[in-house]
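The values are calculated or read from the model by the stated rules, or taken from the named source; none is laboratory data. This is a predicted model, so every value here is computed, not measured. Cβ placement follows ideal geometry from the backbone for every residue including glycine, while neighbour counts extend to all protein chains displayed. Remember, those area values only see protein heavy atoms, side chains included, never the ligands or the DNA or RNA. Shrake-Rupley method; radii C 1.70, N 1.55, O 1.52, S 1.80 Å.
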Amino acid sequence: MSATAVAPRLRGLRARRLSLLAVLLAALLLAAALSITVGAKPVPLADAWHALTAPTGTDNDIVIRSLRVPRTALGVLAGIALGVAGALMQGHTRNPLADPGLLGVTQGAAFAMVTSIVVFGASNLLGYIWLGLAGALAASVAVFALGSVRGGPGGRAAGGGGPTPVTLALAGTAVSALLYALTSAVVLLDEQAMDVFRFWQSGSIAARGGAVVWQVLPFVLAGLALAAANAPGLNALSLGEDVARGLGQNIAMTRAVGVAAVTLLSGAAVAACGSLSFVGLVVPHLARPLSGTDHRWLLPYSGLIGAALLLLADVIGRVVAPPGELEVGVVLALIGAPFFVLLVRRRKPVRL
Amino acid sequence: MTALPVRVAGLSFRVRPRGVAVTLAGLAVLVLLMALNMRLGNISMSLGSVVTGVLDPASPDHFVVMELRLPRALAGALVGAALALSGAITQSVARNPLASPEILGVTTGASVAVVAGIVAAGNVYGGVSGLLSTLGVPALALLGGLTGAALVYALAWRRGLDGYRLVLVGIGVAAVFTNVKFWLLTIGDVDDTGRAMVWISGSLNARGWEHVTPVALALAVLVPATLLGARSLDALRFGDDTVTALGVRMNAARALMILAAVLLAAVATAAAGPIAFVALAAPQIALRLARTGRPPLLSSAVVGAVLTAGSDLLARTAFSPVELPVGVVTAVLGAPYLIHLIWRART
Amino acid sequence: MRLQAAKVRLGYGERVVVDGLDLGIEAGTVTAIIGPNGCGKSTLLRALGRLLKPMGGEVLLDGKRIDRLPTREVAKVLGVLPQAPTAPEGLTVADLVARGRHPHQTWYRQWSSGDEEAVAAALEMTGLADLAERPLDELSGGQRQRAWISMALAQGTDLLLLDEPTTFLDLAHQVEVLELVRHLHRAAGRTVVMVLHDLNLAARYADTLVAMRAGRVAAAGAPREVLTEELMGEVFELDAKVIEDPVAGTPLVVPIRPRPARQEGDRPDQRA
């Protein structure tokens, strides 16, 4: 077989991956349409279109524009952010148990938020979100610094390659546990903080409003840009540090960019929506059998699946227990986990 | 790490001096902590009055020492040992330092059952007290823990128990339980949520002999059993092909060791709630202190006991008269120490 | 001189493995580094490939200090294949080979036609075109090793460092891999440095042998000059007869027995 015969096959593989990406995008659009039309007040698709393109101030227009659209947009942002962050995290740690929370992001946000309630008496949501984001960033920086400690002159690898997967994971777990303990102590001593905290930790995208969407958008976009830049380096890194160095990859830089991306993405999502750890943990495992091990494909697949799953879970949560709603975090776990377990049982899981 | 062969009358073992040293040093610290735990409290007493309190039923301190402080101190040490041993086994079988009994469904299952009980009883029967708190909560925890573990076990079992599949299934089941727990916390009255949070954090407050006995019995049976099984854990660290080649009946060994881990965690959780971080951190701390390849079982248990007993001492006395749940303190003490060890190890 | 080690001191942590070693690699040659286990062969190769930073001395690539060159630029001229590399499960041959193009890609040019041609050519040259879509873990040991070499080829470097490319392979596959190396050398004029265990294959396929012992170069030169009976005793502590390979005409080592251990008290029973 000649070289010219191999090239079309390589292109065929790319075409298959691209078309699958289109399918996932369509699934996300469908989920978004459902999220805009379904709820306590169902809105026909035509009316929804009307509300989006030429609003005239009808009840439907108001419901759609002020409630459903921000909620859907936040769901898309958070889903993409958490899915991509989860895939990055598992790639960097090479650990299937790794979720974005492992960098301390979730517990950092939680601790900052409950502390701000107690200390400053902060009461409005937007205020929490800034503080949550700040807490997430601070915790992540601490974890990265602690996990990066590698042997100075006594280190195994030359020139310090940033954190090893195991030290990063352990440092993250330790810092998370510490912050969680402090958060528990605060909420046990302050009833108001407890009341805010318990709703935050169950995870929801309801009633956040458009302002929150705009608030987290820049962080998510910046995180996605870093993630895209990180994908090729992560591919090289998955062949082992020596091979990656041989391919001209700067290991420490790759790790740092990856951690920055995970921090921005999951920090924004967690601060706005509470702990939706399930998305980051499980979605990459759903995406990997479809995308293969190439992170340039795994990351977008994970993002799209994460967003579609989050929206669908939210829609189900709206209709399943009328007149109330179930928080999206609970629905995600209740629906996603059995599906996930089934998948794990049916096929040989793809190891990292 | 070198292992010294010890041969006595036809029996032969390999003993790692460093592991033994860690275990013995840990036990010494534990004794010290127990003594402090007995002395300190609302009324501090001298070591002498503690001793007379133990020995002399007529002593005025007898009740405080024998009925309040001793059982609580023992409960802390035993629960910590059981959780740590459970964690050491889980991490060895899963070959993953992040694995803990949480992925076996035990602690999360117990949490759901207990939170459901507290929330339901809180609304219907007007608060958790009396029979429900002394008997009902541990029973619920045990039931929930074992149910959760059975679920994970059954779902992960497919012509054997693969460590990797166990971890993944465990993640899924734990996610459901955790989120259901979060949801239950939002539907209850905020007072009930507070009570539930105390239990979820893990607390040794007001633990008596009735809590000590089950954990002690479980440890008495399971510690020797797991130590006998430890040889198979060494083999399990290698891939499945190697394990089979080494002649370990892999599935049976793995399944039995996991069963032991489940029972240990379930009994400990029933007694004191899912005390955070001990099961995960104690094995990792012990591993670094003893410089072994996998978490050493006995040293892990001792480290777990020290961590929990020490944390309870702080939880009880640091902010007196307010008592913190011990689980809040375990992470505050354990996390910096683990980080220090990672730092020092320079791997 | 393409690649040069000047007075390098190499090691891990406190442990020094190689001290004050000089070595030069001429352009367009195939060099095999041989020596007993633990003599520092792989350490030296890692340093030549800038995977290990020297504790002293320097490694020069085309006369410039390799650690001062941008690592990505180095990756365009020098490819390194470490010993027994591992890949994530499920990675296909085509994906693995494509990752060799990493140093040539940027965020705005992820997959050029040049990349595609290089990957196709590398698959072709290693005879893996038909296996391109198979996961790496389903291949035989020889095929897997060829896939890794194929990745290094796709990198398009004219300097190639291979650390024990024939480990775990049976004799037929060892010869297959080394024939591939020879082909690369003859057809494309590539410079190859490899660590090899099999002395006879090293003698047959390399222009230059570098024999190492205890972190030093014991002998270097053409196989005929290096593989002598004295050197076998000195470097490998092996009594051996060196004859002419009836096929290739290169030296052929026929082992007789290990030299008695030097240290007093070591295995005393053998001395009796």
Problem set entry | Packing-based order for B:257-269, B:24-36, C:24-36, using average beta carbon neighbours within 10 Å, highest first | B:257-269, C:24-36, B:24-36
Problem set entry | Between the range B:146-168 and the range A:287-314, the alpha-carbon center distance in angstrom | 25
For this session: Take peptide C:94-103, look around each residue's Cβ out to 10 angstrom, count Cβ atoms belonging to other protein chains, and average those counts.
Result: 5
Exercise. What does the highest-first list of A:172-181, A:209-218 look like by mean Cβ count within 10 Å?
Worked result: A:172-181, A:209-218
Problem set entry | Accessible area expressed per residue, the protein assembly as shown, with surrounding protein chains retained (probe 1.4 Å, Å²) | 40
For this session: First select every other residue whose beta carbon is under 14 angstrom from the beta carbon of C:Leu171; then total the charges, Lys and Arg +1, Asp and Glu -1.
Result: -3
For this session: Give me the accessible area buried between chains B and A, both sides summed, with a 1.4 Å probe, in Å² rounded to the nearest 100.
Result: 4700
Exercise. Residues with amide H under 5 Å of A:Ala98's amide H, sequence separation 5 or more or different chain, H placed in the peptide plane at 1.01 Å from N; which?
Worked result: none
For this session: Could you grab the relative contact order for the range B:71-344? Cα pairs under 8 Å, six or more apart, rounded to a whole percent.
Result: 34
Seminar exercise, completed: Sequence order, the range C:146-159: Karplus ³J(HN,Hα) from phi using 6.51 cos²θ - 1.76 cosθ + 1.60, θ = phi - 60°, Hz rounded, Gly and Pro as x, gives 5, 4, 5, 4, 4, 4, 5, 5, 4, 4, x, 9, 9, 10
Seminar exercise, completed: Mean other chain Cβ within 10 Å across A:247-254 is 5
Problem set entry | Net charge of neighbours whose Cβ lies under 14 Å from the Cβ of B:Ser59, counting Lys and Arg as +1 and Asp and Glu as -1 | -2
Exercise. How much accessible surface does A:Arg71 have with a 1.4 Å probe, in Å² rounded to 10?
Worked result: 30
Exercise. So what's the convex hull volume per residue for the Cα atoms of the range C:52-119, in Å³?
Worked result: 133
For this session: Could you work out the relative contact order of chain A, using alpha carbon pairs under 8 angstrom and six or more residues apart, expressed as a whole percent?
Result: 29
Seminar exercise, completed: Each residue of C:164-170 has, on average, a number of other protein chain C-beta atoms within 10 Å of its C-beta equal to 0
Problem set entry | Sequence ranges B:168-180, A:289-301, ranked by mean other-Cβ count within 10 angstrom, highest first | B:168-180, A:289-301
Exercise. Counting only protein heavy atoms, what percent of the accessible surface of the range A:11-346 is carbon or sulfur at a 1.4 Å probe?
Worked result: 72
Exercise. Under the Karplus relation 6.51 cos²θ - 1.76 cosθ + 1.60, θ = phi - 60°, what is the ordered set of whole-Hz ³J(HN,Hα) values for the range A:333-340, x standing for Gly and Pro?
Worked result: 5, 5, 8, x, 5, x, 4, 4
Problem set entry | Calculated from backbone phi, Karplus (6.51, -1.76, 1.60) coupling profile of the range B:327-333 in Hz, x at Gly/Pro | x, 5, 7, 3, 6, 5, 7
For this session: Decide, for chain A, between rounded, prolate and oblate: order the square roots of the alpha carbon gyration tensor eigenvalues as a ≥ b ≥ c, take rounded if a/c falls under 1.5, and otherwise choose prolate if a/b is larger than b/c, else oblate.
Result: oblate
Problem set entry | Under-5 Å amide H pairs with A:Val320, H placed in peptide plane, nonlocal only | A:Leu326
Exercise. Just how much of A:Val84 is accessible, in Å², when a 1.4 Å probe is used and the result is rounded to the nearest 10?
Worked result: 10
For this session: Report the net charge of residues surrounding C:Ala32, where surrounding means a beta-carbon distance below 11 angstrom and charges are Lys +1, Arg +1, Asp -1, Glu -1.
Result: -1
Exercise. What whole number of Å gives the distance from the Cα centroid of the range B:294-347 to the Cα centroid of the range A:237-281?
Worked result: 30
Exercise. Based on the Kirkwood radius over alpha-carbon pairs, what value in µm²/s does the Stokes-Einstein equation return for the translational diffusion coefficient of the range A:201-338 at 20 °C and 1.002 mPa s?
Worked result: 132
For this session: Over all directions, average the projected area of the Cα convex hull of the protein assembly as shown and note it in nm².
Result: 46.1
For this session: For n ≥ 4 DSSP H runs only, could you compute -39500 (n - 2.57) per run for the protein assembly as shown, divide by its residues and tell me the 222 nm figure to the nearest 500?
Result: -20000 deg cm²/dmol
Exercise. Hey, which of these cross-link pairs are over 18 Å Cα-Cα: C:Lys7/C:Lys64; C:Lys7/C:Lys53; A:Lys41/B:Lys181?
Worked result: A:Lys41/B:Lys181
Seminar exercise, completed: Dividing the mean separation of Cα pairs under 8 Å (6+ apart) by the residue count of chain C yields a relative contact order in percent of 22
Seminar exercise, completed: Taking max minus min of the Cα coordinates of chain C on each principal axis, largest first, gives extents in Å of 70, 40, 34
Exercise. Round to a whole number: what % of the accessible area of the range B:71-344 belongs to carbon and sulfur, probe 1.4 Å?
Worked result: 68
Exercise. Going out from 0 in 5 Å bins, what whole percent of all Cα-Cα distances in the range B:71-344 drops into each bin?
Worked result: 1, 7, 13, 18, 19, 17, 12, 7, 4, 2, 1, 0
Problem set entry | Cα centroid separation, the range C:116-177 to the range B:199-216 (Å) | 61
Problem set entry | Sequence-distant residues sharing a close amide H with C:Ala219 (under 5 Å, placed H) | C:Ala211
